[in-house]
Amino acid sequence: MDETLAKKRAVRNPKRGKKQPITWNLIKNQKQLIMMSVPLMLYIILFAYVPVWGWTMAFQDYKPAKDFGEQAWVGFKHFKFLFTDDNFLRVLRNTVGMSLINLVLGFVTAIILALLLNEIKKVFWKRTVQTISYLPHFLSWIIVTGIVATSLASDGIINDLLMKLQVIKEPILWLSEGKYFWGIVGGSHVWKEVGWNTIIYLAAIASIDPALYEAAEIDGATRYRKMLHVTLPGIKATIVILLIMSIGHILEAGFEVQYLLGNGLVVDWAETIDIFVLKYGIAQGNYSMATAGGIFKTVVSVTMLLLANWTAKRLGEERLL
């Protein structure tokens, strides 16, 4: 009797985290799912793992005209050059600085806009504002940078507005001074992507139990209190997951906006690792150095992703793995 009761309890309360062993019967039962995953696996292998073979160029003085066996192996020569080159250290500073600005501004503005949109009770106005806010996402960066350059010109709308408000007395050459460049890049990213980034937060907000808002209202909570104590805790898991994924792209500051808005006057503030690889690697035929720069970005991204995931686990938050 006791043994039967123990078995029933074990069935009702299985141990969490216990993996089901892979057997032929399990494979047969899930053969449809396995067949559906085959094209995706082939895509990942072909475009994500096969190109890793090209990383060998970073350890060679690669010459396109020579076969693989004829290449001269140089070990970590190109990595040593990168870490001792002043230009690379400068572009690394620019990349990290602009990435952090994009990360902070992107997260804060998207969450705030999602909270404000959730407070709009009229469905028509809510959808109108949301549609207007995410339309810039569908514009290419060449169009966006053109709009930004025109707006920030000496006779552009920004200078005209600031002069009429008597904030400045004469036009500012925004794109000619390096101290403004990082802020311009961050503002451009926010204007283009903030509406699109709010979609996932609005979906997370929609899954919050309405009874929580009703209970908070009965307790006398204002709209701001409900946002602070109901909405934000309700989407905390989504915020943490997206933050972990974004930290994994800490060296992805962008290429198009810096390349298109940059010029000789702000080159010390505008160049990123991607531009450095294009300018000093691919354009000059130094494919080994370009590959070394790409490997450095990948290693740092994976390390930051694992570190952020481990930190979230230690803090008891949601995580990827």
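What three numbers, in Å, describe the spread of the alpha carbons of the stretch 90-139 along their principal axes, ordered from the longest?
49, 23, 6 Å, listed from the longest principal axis down.
So, for the chain, what is the accessible surface per residue at a probe of 1.4 Å, expressed in square angstrom?
Each residue of the chain exposes 66 Å² on average to a 1.4 Å probe.
Take the alpha carbon atoms of the stretch 150-178, find their center, do the same for the stretch 268-303, and report the distance between the two centers in whole angstrom.
34 Å
Across the stretch 288-303, in residue order, what do the Karplus-derived ³J(HN,Hα) couplings come to in whole Hz, using 6.51 cos²θ - 1.76 cosθ + 1.60 with θ = phi - 60° and x for Gly and Pro?
5, 5, 4, 5, 4, x, x, 5, 4, 4, 5, 4, 5, 5, 5, 5
Largest first, please: the extent of the C-alpha atoms of the stretch 62-210 along each principal axis, to the nearest Å.
Principal extents (largest minus smallest coordinate, Cα): 69, 52, 26 Å.
Report in % the part of the accessible area of the chain that belongs to carbon and sulfur, leaving out ligands and nucleic acids; probe 1.4 Å.
65 percent
Mind jotting down the distance between the C-alpha centroids of the stretch 193-216 and the stretch 237-259, whole Å?
22 Å
Is it possible to state the helix-based mean residue ellipticity at 222 nm for the chain, with each DSSP H run of 4+ residues giving -39500 (n - 2.57), the sum divided by total residues, to the nearest 500 deg cm²/dmol? What is it?
-19500 deg cm²/dmol
Want the number for VAL38 to LEU161: 0.36 nm per residue separation, take away the alpha-carbon distance, what's left?
Full extension of this stretch gives 38.6 nm more.
Mind checking which of ALA72, LEU260, GLY54 is farthest towards the positive end of the chain's charge dipole, using Cβ charges of +1 (Lys, Arg) and -1 (Asp, Glu) about the Cα centre?
Most positive-ward Cα: GLY54.
Quick check on the stretch 75-115: what does the Kirkwood estimate of hydrodynamic radius come out to from the alpha carbon pairs, in Å?
Value: 12.3 Å, from the Cα pair sum.
Ratio of the chain's C-alpha Rg to 2.2 N^0.38 Å, to two decimals?
Normalised by 2.2 N^0.38 Å, the Cα Rg of the chain equals 1.32.
What percent of all Cα-Cα pairs in the stretch 236-321 falls into each 5 Å bin, going from 0 up to the bin containing the maximum distance?
Per 5 Å bin, starting at 0, the Cα pair percentages come out as 3, 15, 18, 16, 15, 12, 10, 8, 4, 1.
Please find, in a Gaussian network model of the chain (springs between Cα atoms separated by less than 10 Å), the residue of LEU162, LEU89, LEU251 whose mean-square fluctuation is greatest.
The residue with the greatest mean-square fluctuation here is LEU162.
Can you work out D for the stretch 179-239 in µm² s⁻¹ from Stokes-Einstein, where Rh is the Kirkwood radius over C-alpha pairs, the temperature is 20 °C and the viscosity is 1.002 mPa s?
158 µm²/s
Relative contact order for the chain: what percent, with Cα pairs under 8 Å and sequence separation of 6 or more?
24 percent
Multiplying the sequence separation of LEU243 and PHE81 by 0.36 nm and subtracting their Cα-Cα distance, what value in nm do you get?
55.1 nm
Work through the residues other than ASN102 whose Cβ is under 12 Å from its Cβ and net out their charges, Lys, Arg +1 and Asp, Glu -1.
-1
Starting from the Cα gyration tensor of the stretch 48-116, take the square roots of the eigenvalues, sort them a ≥ b ≥ c, and report rounded, prolate or oblate (rounded when a/c is under 1.5, otherwise prolate if a/b is larger than b/c, else oblate).
Note, shape of the stretch 48-116 comes out oblate.
Which residue, LEU105, LEU115, LEU173, tops the fluctuation ranking in a GNM of the chain built on C-alpha contacts under 10 Å?
Ranking LEU105, LEU115, LEU173 by mean-square fluctuation puts LEU173 first.
Go through TRP125, TRP182, ALA216 and say which Cα lies farthest out towards the positive end of the charge dipole of the chain; charges sit on Cβ, +1 for Lys and Arg, -1 for Asp and Glu.
Positive-most Cα among the choices belongs to ALA216.
Classify the stretch 129-231 as rounded, prolate or oblate from the Cα gyration tensor: take a ≥ b ≥ c as the square roots of its eigenvalues, call it rounded if a/c is under 1.5, otherwise prolate when a/b beats b/c and oblate if not.
Because a/c hits 1.5 or more and a/b exceeds b/c, the stretch 129-231 counts as prolate.
Gaussian network model of the chain, Cα springs within a sub-10 Å range: biggest mean-square fluctuation belongs to which of MET57, MET98, MET35?
Checking each option, the largest mean-square fluctuation is seen for MET35.
Given the whole protein assembly as supplied and a 1.4 Å probe, what does the accessible area of THR222 come to in Å², nearest 10?
Accessible surface of THR222 is approximately 80 Å².
Keeping all protein chains in the complex and leaving out DNA, RNA and ligands, what accessible area do you get for SER207 with a 1.4 Å probe, in Å² to the nearest 10?
Rounded to the nearest 10, the figure is 90 Å².
The values are calculated or read from the model by the stated rules, or taken from the named source; none is laboratory data. Bear in mind the structure is a predicted one, so any value in this text is a computation, not a measurement. All Cβ positions, even for glycine, are placed from backbone atoms using ideal geometry, and neighbour counts span all protein chains on display. Please note that ligands, DNA and RNA were not included when accessible areas were found on the heavy atoms of the full protein model with its side chains. Shrake-Rupley method; radii C 1.70, N 1.55, O 1.52, S 1.80 Å.
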